[in-house]
1. Taking segment B:59-85, which residues are at pLDDT 85 or above and of a type in the set (Asp, Glu)?
2. Identify, please: which residue in segment B:98-118 is among the hydrophobic types (A, V, I, L, M, F, W, C) and surrounded by fewer than 16 Cβ atoms within 10 Å (Cβ to Cβ) and is, among those, modelled with the lowest pLDDT?
3. Take segment A:187-239 and flag every residue that is open to solvent by less than 20 Å² (accessible area, probe 1.4 Å), small (Gly, Ala, Ser) and without any contact (Cβ under 8 Å) to a residue 40 or more places away in the chain.
4. Across segment B:189-217, what is the total count of residues that are within 28 Å of residue A:379 (Cβ to Cβ) and within 12 Å of chain A (Cβ to nearest Cβ)?
5. Please identify the pairs in which a residue from segment B:232-260 that is at the interface with another protein chain (Cβ under 10 Å from one of its Cβ atoms) and without any contact (Cβ under 8 Å) to a residue 24 or more places away in the chain has its Cβ atom under 9 Å from the Cβ atom of a residue that is among the charged types (D, E, K, R) and loosely packed, with under 15 Cβ neighbours inside 10 Å, counting only partners at least 6 apart or on another chain.
6. Which residues, taken from segment B:180-191, are open to solvent by less than 50 Å² (accessible area, probe 1.4 Å) and either of a type in the set (Gly, Ala, Ser) or outside any helix (DSSP H, G or I) (or both)?
7. Taking segment B:220-256 as the region of interest, how many residues are under 21 Å from residue B:146 (Cα atoms), under 32 Å from the mean Cα position of the chain (by Cα) and in a helix (DSSP H, G or I)?
Amino acid sequence: MSQIAGSKSSLNWIVQISVAALVLLWLFPTIGLFVSSFRTADQISGSGWWKAMFASEQVLQMRAADPDDFRVEEGGVFVVRGNLFEEGDEATLTVWGTSSRDPSANAPGDTFDMGDGESMQVAANGDYVWSGSADQMTGRGQRVFITVTSPPEFTFDNYRTVLVSGSTTDSMTKAFFNTLTVTIPATIIPIVIAAFAAYALAWMDFPGRALLIAAVVGLLVVPLQLALIPLLKLHLGIGIGKGYLGVWLAHTGFGLPLAIYLLRNYMVGLPRDIIENAKVDGATDFQIFTKIILPLSFPALASFAIFQFLWTWNDLLVAKVFLIDATGETTVMTNQIVELLGTRGGNWEILATAAFVSIAVPLAVFFMMQKYLVRGLLAGSVK
Amino acid sequence: MHPALQGLITIIVGVGGCVGYFYFSNMFLDKVVFPAKGKNIGRNINRANIVRPWLFLFPALFALGLYLAYPVVETLRLSLTERETLPDGTSVFNWVGLDNYRQMFGESKFWEAMGNNMLWLLFVPAAATAFGLLAAQLTDRIKWGNLAKSLIFMPMAISFVGAAVIFKLVYDARPLGQEQIGILNALYLQLGGDSPIVWLTVPFWNNFFLMAVLVWIQTGFAMVILSAAIRGIPEETIEAAVIDGAGPFQIFFKIKVPQIMGTIVVVWTTITLVVLKIFDIVFAMTNGQWETQVLANYMFDKLFRANDWGVGSASAIVIMLLVSPILIWNVYNARKEMR
């Protein structure tokens, strides 16, 4: 069947190419940041990251040695010899020139006549011979513009700065552990609470059940913006203040509707026979739930766990309102990055690396557990 | 103490407390309050079964009520009051009626935020759904479709803040004469632009540069859902169309799209909900400068910079009002389904 619709091979090619273009378009921004995090500050501001894979060409301005100190007389003319590069700096120049207007006028080995008998010769390895009359060979050394190609170069220095240097402004280590401390309980607690509630809503009989389910569906879309002030006021009022407990509770509250909704929908679909057999055998609801329902619901639990993990890990607003106090001891990574954007907006090497450290964990989770994420999305939105 | 150890201990306390509640409350119910033994065994078991649902539901109901239902009411109340700080440091809330709303409607920043939010509402769900549909259809029948899908889906895992950094690099502008490191300006100059443009400061159009970030993130979501819907289309309908001589475009627009219309609506409304609450992207990239303000960021500004809880709450209520048609629609559908 698929062959009928796609029988025109030219169309098939167009499809393949468009998909490739789409994928590239979607990948490009992220790759840019990823590549940048392995480059030094000079490299990042010197050339676009897309040039990082290739040897880069740079025009450098060099100066010959001071003629008053180094000139030697050879057969009526004064000569200064030397090497443009610093010692130990092995490089090869491709073109050179003595004027800023035309920095690529000469090939290596050429002798350039600068007029009135003054001349300059530069070899590929940077050796130069500069000669002229006594008047010409005085003052400052002759300027030489050279173009060098340096091979692509990548470094782990940025990651060292961000992860292990311990610098207070750039370090992400503390923020990383803080984020973990927020994320793990904020993922597990709502799952536990929601699983029990979902079981009750799916398999237990009590008055008001349908109403509760409708309420959960309604609460699914309540914007959390609404909750900020009242809850902050409440937390400050009952003494929780700003801290981990507050942020866990907030994430639990905000995550619960989706958790209950997903888990209930899944549990309702489990076969009735199993549960009734267990009841006949004398199992209590608590036993049925922990021994039968929970293990069977693993796919739904995993789906929600990934959602909630990604959401809490990537969250900025809830952490800013309920967690981060004036001391900044409990800062999380997203907040740290926003602060870096303010203070080090131009330092792309730090910014890119910090951002990548925070992106890396969710990306790893994403690629490992994509199956469950997709399943959860489908269960959560297609009705 | 090492931050990792400290974190571990707090985690154990938090999670342990939660699991402990369920375990011990059920134990308590079965062993102490209504023990399943003695002469009242039958009645006790029945009673325990009446109580147990509420035991299971209590933490969820408590959290939902306190963290979602109560704030709706409380925010409404706060939006009608003015906070006054007394000399001893405590604050009282004085009833001011609709003054906060009047003040908010008089601010040009609010109308700018409203206008921009409408722009976001029009553009982002449409663009993300369209790209998602395109990607879903194109990847449907090719061999490496799953790989392509998972790469387009990937931005879903990236935080809005991370995406903001990623796109700041894309939009970066350097003065003319320096090497451009932002790919957009590099391309622009390459294609004949005269001088680099600081994209995020161009009024009106900068909104679209911010929206592009959200479209980039949400397209994957739309694609995954729509792709499943396309897979679910009965083959016979397509076969019949092919036999009748329909071309690939006709098949797509006249056969496939109408059959997945329901899913398209769901995707559209889900992205609309995200758009209404959009905060992080604007906060991290422009913070509402250069006429890019949106409602959620306006509200954050009022709350934590201007410290004006009254107007902040009023703007939160505006967001709630914008969301409520979708809320009602969802509840209506859910109830219809359960019957």
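1. B:74
2. Result: B:98.
3. A:200, A:214, A:218, A:227 - these are the residues of segment A:187-239 that are open to solvent by less than 20 Å² (accessible area, probe 1.4 Å), small (Gly, Ala, Ser) and without any contact (Cβ under 8 Å) to a residue 40 or more places away in the chain.
4. So the count comes out to 4.
5. Filtered contacts from segment B:232-260: B:241/B:254; B:246/B:254; B:248/A:8.
6. Across segment B:180-191, the qualifying residues are B:180, B:181, B:182, B:186.
7. Result for segment B:220-256: 14.
So that you can scan it fast, the table gives a plain yes or no per residue for (1) touching a Ser or Thr at 6+ places or on another chain (Cβ under 8 Å); (2) among the aliphatic types (A, V, I, L, M):
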site: B:176; (1), (2): yes, yes
site: B:185; (1), (2): no, no
site: B:196; (1), (2): no, no
site: B:203; (1), (2): no, no
site: B:206; (1), (2): yes, no
site: B:216; (1), (2): no, no
site: B:229; (1), (2): yes, yes
site: B:237; (1), (2): no, no
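The values are calculated or read from the model by the stated rules, or taken from the named source; none is laboratory data. Just so you know, these numbers come straight off a predicted model, no measurement behind them. Note: ideal-geometry Cβ built from the backbone for every residue, glycine included; neighbour counts use all protein chains shown. These area figures cover heavy atoms from the full protein model, side chains too; ligands, DNA and RNA do not enter into them. Shrake-Rupley method; radii C 1.70, N 1.55, O 1.52, S 1.80 Å.
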